[in-house]
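Structure record follows, encoded as structure tokens.
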Amino acid sequence: MYPAIEDHGIIGNLRTAALVSTDGTIDFFCPLRFDHATLFASLLDEASGGSCLMRPVATSYRRKQFYIPDTNVLITRFLAPEGIAEITDFMPIAGNAEQTVIIRRVSVTRGQMQLRLHCQPRFDYASVQHRTSASSKQVCFDGGDAGTLHVESDRSLLTIDGDAVSELHLQAGDHATFVLTFTRSANRQPERQVEAAETLLQNTVRYWRSWVAECTYHGRWRETVLRSALVLKLLTYEPTGAIVAAPTFALPEQIGGVRDWDYRYTWLRDAAMTLNAFMRLGYHREAMHFMQWLKDIASSEAFAGELQIMYGIEGEKDLTER
């Protein structure tokens, strides 16, 4: 059973983004940059697309999803008769183009709860087989030229059929942290970040609240407007200023329909609407950054004198979908 599109939150680091369903599953994620090959894509193919699942073992529970106010730090809450648990998902804002980090922190705020993590990456649009190696609190998935995923935790991790699994039994006040780090090369061992998770969380909250504070809109719908602005900001590619239409591909208006494209590029019409929203909210820096990106395209030797309807986030002109 596939979750509805609207039953998702989004997290990101201004280079790429991931979707998290209300059942605690990261079911769409392209590491490093928006247009990179997927690592998790069970949103499109539940059987083989790959995902990182975190949810209660019990089958009877309610769920709710929301953000820490004025941030893009996502909370997924599970409410069961035996207790209440929360997953905090976020990507630290960092300038490292060679890796992408997702931090998942689960805690129990009342009672007790059994939860299960099941991480099953599928490299390069689920076309590449990986090798799995593990220690007691770390699992490494080596996808060769497609990259490497390191999963580390302060709890025990097991490998089952090449996937990473952790069984948790948490009491009120307990928490567990899982750090997913994707790197381009298997030879690059990322720094251990489990112990730094709280600091990274506070830094991420501070970054987003600082950005929100620049908004010049103070009308009656400020909370709703800011939430929309935060989503639009997540769709910007910080290195160039490009703005993607969406972080996903292959989600048609109708199943089986022909309107089934890749939206992880900059479609100029869509970007113009986003720029208008940024300008009206006082975010002139984002608008100027985008216009510089467009100016660079128009002044390049490859420019033919007429703009295309879309470009890659680094200004790529020739876009081959597969």
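Numbers at a glance
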item	result
Single unsatisfied condition, residue 4 versus (1) among the aliphatic types (A, V, I, L, M); (2) assigned to a strand (DSSP E or B); (3) over 16 Å from residue 120 (Cβ atoms)	(2)
Residues (among the small types (Gly, Ala, Ser) and in contact (Cβ under 8 Å) with a residue 60 or more places away in the chain) located in the range 1-51	9, 12, 17, 18, 24, 37, 41, 48, 49, 50, 51
Segments classed as strands (runs of 3 or more DSSP E), wholly inside the range 100-206, with at least 1 members that are at positive phi	none
Top-ranked residue of the range 54-110 - restricted to ones that are of a type in the set (D, E, K, R) and within 14 Å of the chain's Cα centre (by Cα), ranked as farthest from residue 147 (Cα to Cα)	89
Sole residue being out of contact with any Asp or Glu (no Cβ under 7 Å at 6 or more places or on another chain) and more than 18 Å from residue 17 (Cα to Cα), chosen from 224, 248	224
Positions within the range 303-322 being touching an Asp or Glu at 6+ places or on another chain (Cβ under 9 Å) and modelled with pLDDT under 85, in sequence order	321
Residue tally, condition in contact (Cβ under 8 Å) with a residue 24 or more places away in the chain and among the polar types (S, T, N, Q), over the range 247-269	2
Residue match in the range 28-43 (condition: buried (at least 24 other Cβ atoms within 10 Å of the Cβ), under 19 Å from residue 262 (Cα atoms) and touching a helix residue (DSSP H, G or I) at 6+ places or on another chain (Cβ under 6 Å))	yes
Residue count, the range 213-262 (criterion: farther than 30 Å from residue 45 by Cα, surrounded by 12 or more Cβ atoms within 10 Å (Cβ to Cβ) and of a type in the set (S, T, N, Q))	1
Top-ranked residue in the range 1-13 [being under 10 Å from the mean Cα position of the chain (by Cα) and of a type outside the set (Gly, Ala, Ser); ranked as farthest from residue 180 (Cα to Cα)]	10
Enumeration of residues in the range 200-222 that are closer than 15 Å to residue 232 by Cα and not charged (D, E, K, R)	208, 211, 212, 215
Filtered residue count, the range 75-100, keeping only those that are buried (at least 21 other Cβ atoms within 10 Å of the Cβ) and closer than 27 Å to residue 36 by Cβ	6
All positions within the range 243-283 that are out of contact with any helix residue (DSSP H, G or I) (no Cβ under 8 Å at 6 or more places or on another chain), within 30 Å of residue 218 (Cβ to Cβ) and assigned to a loop (DSSP other than H, G, I, E, B)	244, 246, 282
Output for the range 49-60, where each listed residue is part of a loop (DSSP other than H, G, I, E, B) and modelled with pLDDT of 95 or more	49, 50, 57
All positions within the range 246-267 that are more than 22 Å from residue 231 (Cβ to Cβ) and charged (D, E, K, R)	260
Residues located in the range 184-236, provided they are basic (Lys, Arg), without any contact (Cβ under 8 Å) to a residue 60 or more places away in the chain and closer than 30 Å to residue 124 by Cα	192
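The values are calculated or read from the model by the stated rules, or taken from the named source; none is laboratory data. The structure presented is a predicted model; accordingly, all values stated were derived computationally and were not measured. Don't worry about glycine lacking a Cβ; one is built from the backbone with ideal geometry, like all the others, and counts go over all protein chains shown.
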